[in-house]
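Enquirer: The structure under discussion is supplied below as structure tokens; questions concerning it will follow.
Throughout, read-outs are computed from the coordinates displayed, never taken from laboratory work. Just so it is clear, the model here is predicted, and its values are computed rather than measured. Backbone-built Cβ (ideal geometry, glycine too); neighbour counts: all protein chains shown.
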Amino acid sequence: MLDSYIEQLQRVETLGELNDHVVALRDTLDVEHVVYHSVNSTGEQYAALTYSPEWVQHYLDEDYARLDPVVQACYQRFHPIDWKRLDWTNKNVRNFHGEAIDSGIGNQGFSVPIRGPSGQFALFTVSGNASDDQWASYTEEHVRNLLLVSHFVNQKALELERGTDKVKVVSLSPRETDALTMLAMGFNRAQAADSLSISEHTLRVYIESARFKLTAMNTTHAVARALSQGLLII
Amino acid sequence: MLRYIYADDLHRFPRLARSMFVDRATQFHDRLGWDVTLRDDGTERDAYDDANPLYVIWEDATGRHGGSMRFLPTTGDTMVNDHFLHLTDGVEIKSPFIWECTRFCLAPGAPAQISAALMLGGMELGLNNHLSHSVGVFDARMVRIYARLGWGPTILGTAGQGRDATSVGLWAFEPALRPRLLARAGVSDEISRHWYDRSFGALTPTSKPALSA
């Protein structure tokens, strides 16, 4: 399901469409809410989110970013965080938390701070209502996908911000191209590494880098995408 | 004890922070002769220290720096991608699952256990944050020491010679290596988790709704 979502995300051409795709993530990821919020190096902001407009307005009116533990813990940082690791004990924070829950944000949340190029920063959050056990098993099962999809949404937002060309041009280094070409020809990792005279770990990292640049969910998709974009010659 | 501290929190640990930057000057400028910039106050810092990196720092019993290293996500700007592409086959390493580790530094006379504890700290970061690898820039002569501590890197490339030799390498985050690092560091599983939770917050159960007033 996430595979086809990523495929569709690739074709997004405007920020309006991106907003629709972030909203659609709610169903794809099976959560109550999804928030994507980006601040670029010049301070420009972009947000796409599923919270109710009333809650967003209230949050802005009260300037809750000042005391929101999620914002405090994530801003300009880069480790993903379960909201249960945050400190909600302060009285004002408890009140804020109560209001958030009353507004349907959910009692559980997981946030992924994202560091982009040149000081760009974004925060991706999913939240919902669940017991601690349910939430723990949800995040454990989906954490990899949450990390990937949050970064892919961010890559798309950066691409749209850059504007100019609609066709996304991915440039791979010759070594990344070599690694994917070997896989496209049916070599396994060990054979590919051996043919390129590099270690398997090195090969894995080169493929991982290429996969990320190609916005692919896994290696197979990365090879397919590189082939369809004419980046590989076999 | 190990502390995990973002740069924007270093001000809460003034003695620890200052001694770390002083020890970096001693190691990278005085001892290794790397082309690093020293400040008037005798500390060594570079542009990546201004990018809010995450430091893993060994704090000794007096609150002073015993050893440290610095992490940045490879999705943002990194030293490897900015300056060492000639050592990575020209591959810009970028992934949410790979962080960069630089400035592995030991206080003068630091015992081997501190190196092991730092490696353990790196492992804890990787395992807790779902990373596959870390890509590091380091003094090439450290390779044997890393290997002896039970977690050696895969070398991507080395430039320079002798004490000037600088390598770029990969560490794979493999849970199976953690017990060995705990043993080398002389730290128990529980203590290492405690240090991690103290820095990043422990998983606290959400409060149950009150049954009645």
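Enquirer: Looking only at A:Asn19, A:Asn92, A:Asn154, which one moves most when chain A is put into a Gaussian network model with springs between Cα atoms under 10 Å?
Expert: A:Asn92
Enquirer: If you average the alpha carbon positions of the stretch A:73-141 and of the stretch B:119-156, how far apart do those two centres end up, in angstrom?
Expert: Between the Cα centres of the stretch A:73-141 and the stretch B:119-156 lies a distance of 30 Å.
Enquirer: How large is the direction-averaged shadow of the alpha-carbon convex hull of the protein assembly as shown, in nm²? List each step's numbers first, then the result.
Expert: Numbers: hull surface 93.9 nm².
Here the figure is 23.5 nm², rounded to one decimal.
Enquirer: May I pose another question? Once you average over the residues of B:196-206, how many Cβ atoms of partner chains fall within 10 Å of each Cβ?
Expert: Averaged over the peptide's residues, the number is 4.
Enquirer: Next question, about the same structure. Nearest 10 degrees is fine. How inclined is helix B:189-200 to the longest principal axis of chain B, computing both from alpha carbons?
Expert: Helix B:189-200 and the main axis of chain B meet at about 90 degrees.
Enquirer: To check my understanding: the extent here is largest minus smallest coordinate of the Cα atoms along each principal axis. What are those three numbers for the stretch A:64-191, in Å, largest first?
Expert: The Cα atoms of the stretch A:64-191 stretch 59, 37, 22 Å along the principal axes, largest first.
Enquirer: Out of every Cα-Cα pair in the stretch A:28-74, what percent are more than 17 Å apart?
Expert: Values: 498 of 1081 pairs.
Every Cα pair in the stretch A:28-74 considered, those over 17 Å come to 46 percent.
Enquirer: Still on this structure, please answer the following. Helix A:132-162: angle to the longest alpha-carbon principal axis of chain A, degrees 0 to 90, nearest 10?
Expert: 70
Enquirer: In whole Å, what are the extents of chain A along the principal axes defined by its C-alpha atoms, from largest to smallest?
Expert: Principal extents (Cα only, largest first): 62, 41, 30 Å.
Enquirer: In Å and whole numbers, how far do the C-alpha atoms of the stretch B:57-206 stretch along each principal axis, longest first?
Expert: In descending order, the Cα extents are 46, 40, 28 Å.
Enquirer: Now a separate question. Let me check I have the definition right: for the stretch A:18-133, take the eigenvalues of the Cα gyration tensor, multiply each by 5, take square roots. What are those semi-axes in whole Å, largest first? Present the calculation step by step, with values, prior to reporting the outcome.
Expert: On the way: eigenvalues 85, 60, 45 Å².
Values for the stretch A:18-133, descending: 21, 17, 15 Å.
Enquirer: Using only Cα atoms and rounding to the nearest 10 degrees, what angle (0 to 90) does helix A:200-213 make with the longest principal axis of chain A?
Expert: Relative to chain A, helix A:200-213 is tipped by roughly 60 degrees.
Enquirer: Would you mind checking the radius of gyration and Dmax of the stretch A:136-234 based on alpha-carbon positions, in Å?
Expert: 14.9, 44
Enquirer: On to the next question. Which aspartates and glutamates have a Cα less than 17 Å from the Cα of A:Lys91, not counting those fewer than 8 places away in the same chain?
Expert: A:Lys91 reaches A:Glu62, A:Asp63, A:Asp68, A:Glu99, A:Asp102.
Enquirer: Still on this structure, please answer the following. Would you mind estimating how fast the stretch B:1-76 diffuses translationally, via Stokes-Einstein at 20 °C and 1.002 mPa s with the Kirkwood radius over Cα pairs, in µm²/s?
Expert: On the way: Rh = 12.7 Å.
After rounding, the answer is 168 µm²/s.
Enquirer: Right, another one. Helix-derived [θ] at 222 nm for the protein assembly as shown: sum -39500 (n - 2.57) over DSSP H runs of at least 4, divide by residue count, nearest 500?
Expert: Working: 16 runs with 182 residues, N = 447.
Calculated at 222 nm, the ellipticity per residue is -12500 deg cm²/dmol.
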